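The values are calculated or read from the model by the stated rules, or taken from the named source; none is laboratory data. Computed from a predicted model, the values in this text were never measured in an experiment. Cβ atoms come from the backbone with ideal geometry, glycine included; neighbour counts cover every protein chain shown. When the accessible area is computed, the model is the full protein with side chains, heavy atoms only, and any ligands, DNA or RNA have been set aside. Shrake-Rupley method; radii C 1.70, N 1.55, O 1.52, S 1.80 Å.
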Amino acid sequence: MTATYLKAAFGDRIQVTLVESEQVTRIGVGEATFSTVRHFFDFLGLDEADWLPKCAGGYKLGIRFQNWSKPGEHFYHPFERLRVVDGFSLADWWLELGDRSQPFDRQCFITTALCDAKRSPRMLGGSLFASGLDGSLGRSTLQEQRDQFPYAYHFDADAVAQYLAEYGVKRGVRHVVDDVLAVEQDERGWIDHVRTRGHGDLRGDLFIDCTGFRGMLINQTLGVEFESFADVLPNNRAVALRVPREEATEMDPYTSATAMSSGWMWTIPLFRRNGTGYVYSDEYISADEAEAELRAAVGPGAEDAEANHIRMRIGRNKQGWSGNCVAIGLAYAFVEPLESTGIFFIQYAIEQLVRHFPDENWDPQLRLDYNERMHRVVEGVREFLVLHYKAARREDTPYWKEAKARKAPDSLLQRLEMASSHLLDDETIFPFYHGFENYSWNAMNLGLGIIPPTSRPAIRHIAPDNAKREFARLKAEADELVAALPSCYEYLASIND
Ligand SMILES: Cc1cc2nc3c(=O)[nH]c(=O)nc-3n(C[C@H](O)[C@H](O)[C@H](O)COP(=O)(O)OP(=O)(O)OC[C@H]3O[C@@H](n4cnc5c(N)ncnc54)[C@H](O)[C@@H]3O)c2cc1C
């Protein structure tokens, strides 16, 4: 992602070499993204209809949270902003007018109906259900996001990396498949060159460390300290299974996050197979027990699947950029897979690197600003993820009981206290850009059960007619779309032919 994007941003004014090992494999679990990843693909000029089928891709309209409150219950965190009526969000109105015996999300969002009915966001022929959002955004960035695009992707991360590497080579990236054996520093302690097995010493001005959890340049060579988040986010392991779905003619247009005894399980539907995995803390369950619990949850489809056990380094480097080295991806930070933020962090880091790109003067202010932004984006996501565990109502195992008592950032505890009185808005969620908007915070709070006992007093002084009409309109639009759109499988089969 980084090599190809830098080349697309700066063209022939910079030279980019991508070094990848054949021996050290990528993490490569089937992956889910944010809807804003479209800016990345548009910036490169890539057409979804071309790359998506080549990467076993599927659509993600949101995340379905299953069993986080009690068995059998689910709610969605969709990619959809809340509508506003007479100055108040539909969620505010729901507290006054909604049917509280029914889940909030199905009354306040359209996308949830499409998820339940497993619909594609595109009509056969390709047009998008949300009009006006269809065209390519061209060379736009996350900062220019105005509209909420209604879907993200599921894809085979290995295939995407391969596709992007090939595309990068066409645009002038030098691709070296080799092992880096050593990293040599100059007299300042900056990186001078990397020593490879078959291509000799590779020199450069700026080195991007994308070596994953090992942080070969940033940690092992430069000694930048890694700050663990284990005190607030204890999940430190995952076990993943690739489950074939060759014959199935149904496909979920969402990621599932299902609560398990000592963590949660992801299900990421790719075209013709599911990526599944159990994210857990080894304080509560062993690797063998986690694998057995995952296999039981997946069922017979997983019988022949080989388990991939992964140790996760949860936290972030104190600096993402040190000297002439910038760490991107798992080499910089990871806050566990819940809410699929890994690729979002990569995209944000690349964009910020382009924005703060150095010249031969190495202005330290550019580096400071970059580091501060990366620090904040991770901080915001960390808070948002801790919210999931604090607000979850499950208490049936030691893991879930202790989730309630576990340490949490003070700022989050204050926000949760406020959310139990009235809904959060742009001013009261985490205040810096971190990829999540107020609708996400409210979808999680209300979905998990942090529900104010009454509506805002102000709502009761406003005639409810407009809000009632909007609820009726939303329901009618959802019914119409469910009837008109093809199934997710049907649409993807049409572009995979
Ligand atoms: C269990 C799990 C689930 C995840 N799910 C999601 C998700 O759903 N959505 C999401 O956005 N993110 C997810 N992530 C994060 C995701 O893995 C990352 O966003 C991304 O795929 C990782 O890419 P990376 O390049 O940082 O690291 P890696 O995939 O580990 O790649 C490291 C690269 O460095 C190279 N390398 C290492 N050492 C050397 C060497 N000595 N010489 C040469 N090359 C070397 C390797 O060949 C490889 O290409 C998940 C992570 C985990 C652990």
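Things to note:
- Of the residues making up the stretch 331-352, just one is closer than 20 Å to Thr255 by Cβ and more than 10 Å from the ligand (Cβ to nearest atom), namely Tyr348.
- Val160 being closer than 27 Å to Ala8 by Cβ, within 12 Å of the ligand (Cβ to nearest atom), exposed (fewer than 15 other Cβ atoms within 10 Å of the Cβ) and of a type in the set (A, V, I, L, M, F, W, C): no
- Taking each residue of the stretch 396-412 that is among the β-branched types (Val, Ile, Thr) and looking for partners that are open to solvent by 40 Å² or more (accessible area, probe 1.4 Å) and assigned to a loop (DSSP other than H, G, I, E, B) with beta-carbon atoms closer than 8 Å, six or more apart or interchain, yields Thr397/Tyr284.
- Enumeration of residues in the stretch 177-208 that are within 20 Å of Ala3 (Cα to Cα), open to solvent by less than 70 Å² (accessible area, probe 1.4 Å), in contact (Cβ under 8 Å) with a residue 40 or more places away in the chain and more than 9 Å from the ligand (Cβ to nearest atom): Ile191, Leu202, Gly204, Leu206, Phe207, Ile208
- In the set Thr249, Thr258, Thr276, only one residue is within 21 Å of the chain's Cα centre (by Cα) and either crowded, with 19+ Cβ neighbours inside 10 Å or away from the ligand (no atom under 16 Å from the Cβ) (or both); that residue is Thr276.
- Residue count for the stretch 404-443 under the criterion of being small (Gly, Ala, Ser), outside any loop (DSSP other than H, G, I, E, B) and open to solvent by 10 Å² or more (accessible area, probe 1.4 Å): the result is 2.
- Test: Lys401 is away from the ligand (no atom under 16 Å from the Cβ), of a type in the set (Lys, Arg), open to solvent by 60 Å² or more (accessible area, probe 1.4 Å) and not in a loop (DSSP other than H, G, I, E, B): yes
- Scope the stretch 142-156; condition open to solvent by 20 Å² or more (accessible area, probe 1.4 Å) and within 15 Å of the ligand (Cβ to nearest atom); matching residues: Asp156
- Pairing residues of the stretch 334-350 that are of a type outside the set (Gly, Ala, Ser) with residues that are near the ligand (Cβ under 6 Å from one of its atoms) and in a helix (DSSP H, G or I), at Cβ distances under 7 Å and at least 6 apart in sequence or on separate chains, gives Phe334/Gly342; Ile346/Gly329.
- Odd one out for Ala290, checked against (1) within 16 Å of the ligand (Cβ to nearest atom); (2) in contact with a Lys or Arg (Cβ under 6 Å, 6 or more places away or on another chain); (3) among the small types (Gly, Ala, Ser): (2)
- Residue ID - nearest to Gly323 (Cα to Cα), chosen from residues in the stretch 195-232 that are charged (D, E, K, R) and touching a helix residue (DSSP H, G or I) at 6+ places or on another chain (Cβ under 8 Å): Asp209
- Only residues that are surrounded by 16 or more Cβ atoms within 10 Å (Cβ to Cβ), touching a Ser or Thr at 6+ places or on another chain (Cβ under 8 Å) and over 24 Å from Ser228 (Cβ atoms) were counted in the stretch 355-398, giving 1.
- Looking only at the stretch 36-57, and only at residues there that are away from the ligand (no atom under 12 Å from the Cβ) and not in a helix (DSSP H, G or I), the one that is most open to solvent (accessible area, probe 1.4 Å): Asp47
- Residues in the stretch 119-137 that are in contact with a helix residue (DSSP H, G or I) (Cβ under 6 Å, 6 or more places away or on another chain) and open to solvent by less than 50 Å² (accessible area, probe 1.4 Å) were compared, and the one that is nearest to Gly98 (Cα to Cα) is Phe129.
- Complete set of residues in the stretch 444-465 that are surrounded by 13 or more Cβ atoms within 10 Å (Cβ to Cβ) and part of a helix (DSSP H, G or I): Met444, Asn445, Leu446, Gly447, Leu448, Ile459
- Among residues of the stretch 3-29 that are under 22 Å from Arg203 (Cβ atoms), those with a Cβ under 6 angstrom from a residue that is of a type in the set (D, E, K, R) and surrounded by fewer than 20 Cβ atoms within 10 Å (Cβ to Cβ), sequence gap 6+ or separate chain, pair up as Lys7/Arg171; Thr17/Arg174; Ser21/Asp179.
- Top-ranked residue of the stretch 7-32 - restricted to ones that are part of a loop (DSSP other than H, G, I, E, B) and in contact with a Leu (Cβ under 6 Å, 6 or more places away or on another chain), ranked as nearest to the ligand (Cβ to nearest atom): Gly30
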